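Peer 1: Input: one structure, supplied below.
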Amino acid sequence: MHRFDVESLAAGRWRNGGGVTREIVSWPEGAADFEWRASVADIEADGPFSAFPGVDRTFTLLEGGGVRLTAPGGFDRTARPEEPLAFPGDLELTAELAAAPPGGACRVLNLMVRRGRRTVRVERVTGAVAPPAGHAGVLLVRRGHWRVGGEEPPASAGQGVWWGEAEGAGGEVVPLSSDAVALWADLAPGSGY
């Protein structure tokens, strides 16, 4: 398992200037094309999103009043706090930030998987997470303290862990406080894998 702290991840500005992305992992590491990718994105302004043909995306709002995603053809969805929002990366999306809080900036957990090779399910968890054999995953702490494998110190808000399909089996992420909440992204092999 690989630990991370969102605030210590390198921040890359979007080409259109509308936000910043902090990549957690792009798998396989160092490959030109990812099979799956996890990041935290700060959406700072209304505007277009980059299209990712052949990729399925799942956003989970971490901070901010919400972000509405629209595309030609009638796609119209709004990301709400800690509720995963799945959509095809092929869409020509435009993001519109909610009016509140002032400035409207939002932070999202962004998961992207190559269609047919991986599927992703994101859920809010308050209990122990044991990665299934053959699955990759990401766990991002929202509140409280969590034990990550046998490592110390415990992970707290804004920190987390990711693992590849060969690394997660046998490990466990366990809440250590009664207020513990995390987001767990389970990345399973897809039908075309």
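The values are calculated or read from the model by the stated rules, or taken from the named source; none is laboratory data. Being a predicted model, the structure only gives us computed values, none of them experimental. The protein model used for the area step is the full one, side chains on, heavy atoms only, and it has no ligands, DNA or RNA in it. Shrake-Rupley method; radii C 1.70, N 1.55, O 1.52, S 1.80 Å.
Peer 1: How large is log10 of I(q)/I(0) for region 1-105 at q = 0.24 Å⁻¹ when the intensity is taken from the Debye formula with one equal scatterer per alpha-carbon?
Peer 2: -1.62
Peer 1: Next question, about the same structure. In sequence order, what are the phi-derived ³J(HN,Hα) couplings for region 49-66 according to the Karplus relation 6.51 cos²θ - 1.76 cosθ + 1.60 with θ = phi - 60°, rounded to whole Hz, with x for glycine and proline?
Peer 2: 9, 5, 7, 10, x, x, 10, 9, 10, 9, 9, 10, 5, 9, 9, x, x, x
Peer 1: Stretch Ser177-Thr70 to full length: gain in nm at 0.36 nm per residue minus the Cα-Cα span? Kindly include the intermediate steps, with their values, before the conclusion.
Peer 2: Numbers: separation 107, 0.36 × 107 = 38.52 nm, distance 3.89 nm.
The span from Ser177 to Thr70 would gain 34.6 nm if fully extended.
Peer 1: Using only the heavy atoms of the protein chains and a 1.4 Å probe, how would Arg80, Arg118 rank by accessible area, largest first?
Peer 2: Values: Arg80 125, Arg118 5 Å².
Highest to lowest solvent-accessible surface, that is Arg80, Arg118.
Peer 1: Take the solvent-accessible surface of the protein heavy atoms, probe 1.4 Å, and return the percent of it on region 38-107 that carbon and sulfur atoms account for.
Peer 2: Details: 1660 of 3160 Å².
It is 53 percent, rounded to a whole number.
Peer 1: Give the accessible area for Phe59 in Å² (nearest 10); use a 1.4 Å probe, count only protein heavy atoms, and leave out ligands, DNA and RNA.
Peer 2: Solvent-accessible area, nearest 10 Å²: 0 Å².
Peer 1: If you rank His145, His135 by how much accessible surface each has, with a 1.4 Å probe, what is the order from largest down?
Peer 2: Details: His145 90, His135 40 Å².
Order by accessible area, largest first: His145, His135.
Peer 1: Residue separation times 0.36 nm, minus the C-alpha to C-alpha distance between Arg143 and Glu7: what's the value?
Peer 2: On the way: separation 136, 0.36 × 136 = 48.96 nm, distance 1.54 nm.
That works out to 47.4 nm of additional length.
Peer 1: Based only on the alpha carbon positions, what is the Kirkwood hydrodynamic radius of the chain, in angstrom?
Peer 2: Details: mean 1/r = 0.0589 Å⁻¹.
Kirkwood radius, the chain: 17.0 Å.
Peer 1: Once amide H atoms are built 1.01 Å from N in the peptide plane, which residues 5 or more positions from Ala180, or in another chain, come under 5 Å H to H?
Peer 2: His145
Peer 1: So, taking all protein chains as they sit and a 1.4 Å probe, how much accessible area belongs to Ser8, in Å² rounded to tens?
Peer 2: 90
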